[in-house]
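One structure is given below, encoded as structure tokens.
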Amino acid sequence: MKNQSVIPIGEVRAGMALAQPLINGFGRLLLPAETKIEEQHLGLFKIWGILFVSIHGKAQNSEPLWQRLTPELLERGLKYLRKRVFWNPRGPIENDLFKAAIRMQAWKILREEQLDGGR
């Protein structure tokens, strides 16, 4: 079995091959596994709202995706939430929920930067 890497579309380059089929949120097959990425696909990923793909081989940036959530990204996620959420967590379950929301917002920021800054 070949090595696989899940990478943000900002790191996808023509010539890479999909390790897994590309399926949208409705379960529709967009591209089958083993498709060799062409230049035209790169623009379609953005149109389709694809954020990450599984490719064959080791990614250039082989750092696990969760490690890309830097303290700076988490702080930006917190600032975003504080502007929109007028609620203070009470208790461990609400604290966990709020921390998860911060991480989700940080992921959103990271994905947007990958989409905008990848090319």
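Please treat every number below as a calculation from the coordinates, not as lab data. Quantities reported herein were computed from a predicted structural model and do not represent experimental measurements. Glycine also receives a Cβ, built like all others from the backbone with ideal geometry; neighbour counts cover every protein chain displayed.
Remark: region 65-117 is approximated by an ellipsoid whose semi-axes, taken from the C-alpha gyration tensor as √(5λ), come to 22, 12, 8 Å, largest first. Taking trypsin sites (Lys or Arg not before Pro) across region 72-104, the ones in a DSSP loop with at most 13 further Cβ atoms lying within 10 angstrom of their Cβ are 90.
Can you compute log10 of I(q)/I(0) for region 1-43 with the Debye formula, treating each Cα as one identical point scatterer, at q = 0.21, 0.28, 0.29 Å⁻¹? Log10 I(q)/I(0), no solvent term: -0.73, -1.19, -1.24.
3J(HN,Hα) along region 38-47, derived from phi through the Karplus expression 6.51 cos²θ - 1.76 cosθ + 1.60 where θ = phi - 60°, amounts to 10, 4, 4, 5, 4, x, 5, 4, 5, 4 Hz, with x in place of Gly and Pro.
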